[in-house]
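Report on the structure given below.
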Amino acid sequence: MINTQKIWMDGKLVDHDDAKIHVLSHVIHYGSGFFEGIRSYDTPKGAAIFRLDEHIKRLFDSCKIYRTEVPFTEEEVKDGIMEVLKANNLKGSYIRPLIYRGYAQLGVNPLTCPVNVMVSAWEWGAYLGEEALKYGIKAQTSSWRRLAPNTMPTMAKASGNYLSSQLIKMEALENGYDEGIALDYQGNVSEGSGENLFAIRDGVIYTPTITASALVGITRDSIIKIAEYLGYKIVEQNIPREFLYVADEIFLTGTAAEVTPVSFIDGIKIGKGERGPVTEKIQDLYFKIVRGEFTLDENWLTFIK
Ligand code: PPE
């Protein structure tokens, strides 16, 4: 069970055990939910949420793509997040807001169902384990492709999209890997089941464009800015699968995964098969920034009032 006490549901804090929805809710049957994963960190100036504004904007963008009118403003959802963090006495946490189609009717058309909003938060450590942050993970190229354009929009962080991620993740675990990396519909590198990907070769940092069915990751954006600050050249382009094998370093990024090195792909050693020096430099600065020990952009941290 998730260790949290108070959950915000449609504007009110409710106890963990009472935070329930009806089994006939549209979202359960048809995946009609839109969510975010956000982290807060304990900083020297108190607890702060990393890139809150960008996460809430993406949440509302996801809703807009699916013609979902949210009965709360962005500010109200942000206030809800603050309330949840305070009510649960959280400093470092993982925050999960979800906007979903609730219960009225069944049938594919979501427009007949109400739009509900919930926010929960809890302590969540390293996504792929503490060791992974230091030594890297073993990944496989997934046999599952990411969603093709004109099928389901990958700019929306929609619950239904995560059926694709589940197939990628289960296959990787079943085959003894930590994570799966999916190709897009054309066979170029897309992303991990819950992370964007970066590959380094000869000092240049490459990442797939968002047209390769990758989520518009907020950590991805932060890493691009951090890498530029550190003086690296960053290139967003199509990346063929085999480029990964000959890369000097690879790492995955995400709110949950933070900056996780990849040491092997499909059994092939990447670089020296450990966290590389560029990855370490970027990872270091990322952690300093989220923990409030270094400021690259003062708007990136929202302190808990
Ligand atoms: N791609 C996918 C498919 C994805 O789910 C995430 C986040 C990212 C890229 C990175 O996006 P960002 O967090 O904005 O940098 N995945 C979230 C959910 C993970 C989960 O297991 O749940 C997350 O990291 O919070």
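The numbers here are math on the coordinates, done by the rules we state, and not lab data. Note that the coordinates shown come from a computational prediction; the quantities given were computed from them, not determined experimentally. Virtual Cβ from ideal backbone geometry, glycine too; neighbours counted across all protein chains shown.
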Net charge, Phe34 excluded, C-beta distance under 14 Å - Lys, Arg +1, Asp, Glu -1: +3
For region 54-139, run through the trypsin sites (Lys or Arg not before Pro) and keep only the ones in DSSP coil with at most 14 other Cβ atoms within 10 Å of their Cβ. Arg67, Lys91
Counting other Cβ atoms within 10 Å, keep those with at most 13, restrict to DSSP loop, and tell me which trypsin sites (Lys or Arg not before Pro) in region 5-42 are left. Lys20
Taking r as the C-beta separation of Gln166 and Lys57 and R0 as 22 Å, the FRET efficiency to the nearest 0.05 is 0.25
Listed residues Ala156, Ala172, Ala148, most fluctuating in the chain (Gaussian network, C-alpha, under 10 Å): Ala148
Can you give the convex hull volume of the alpha carbon atoms of region 101-245 per residue, in Å³? 159
Between Ser143 and Leu173, what is the label-to-label distance in nm when each label sits 7 Å out along the Cα-to-Cβ direction? 1.8
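Can you figure out the FRET efficiency of Asp18 with Phe287, using R₀ = 35 Å and their beta-carbon distance, to the nearest 0.05?
That pair, Asp18 with Phe287, gives E of 0.45.
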Distribution of pairwise C-alpha distances over region 251-305, 5 Å bins, in %: 4, 17, 22, 20, 15, 8, 7, 4, 2, 0
Wrap a convex hull around the Cα atoms of the chain, take a quarter of its surface area, and give that in square nanometres. 15.3
If R₀ is 45 angstrom, what is the calculated FRET efficiency for the pair Ile304 and Val216, using the beta carbon separation as r and rounding to 0.05? 0.95
Among Phe198, Phe294, Phe251, determine the one that fluctuates most according to a GNM of the chain built with springs between C-alpha atoms less than 10 Å apart. Phe294
Straight-line reach from Lys78: which lysines fall under 20 Å, measuring Cα to Cα and dropping same-chain residues less than 8 apart? Lys6, Lys12, Lys45, Lys57, Lys64, Lys86, Lys91, Lys157, Lys305
Report, to one decimal in Å, the Kirkwood hydrodynamic radius for region 36-179 based on all distinct Cα pairs. 17.5
On a straight-distance basis, which lysines could pair with Lys269 in a cross-link, Cα separation under 27 angstrom, same-chain partners fewer than 8 positions away excluded? Lys134, Lys138, Lys169, Lys233, Lys281
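Report the relative contact order of the chain, percent, no decimals, based on alpha-carbon pairs under 8 angstrom and at least 6 residues apart.
20
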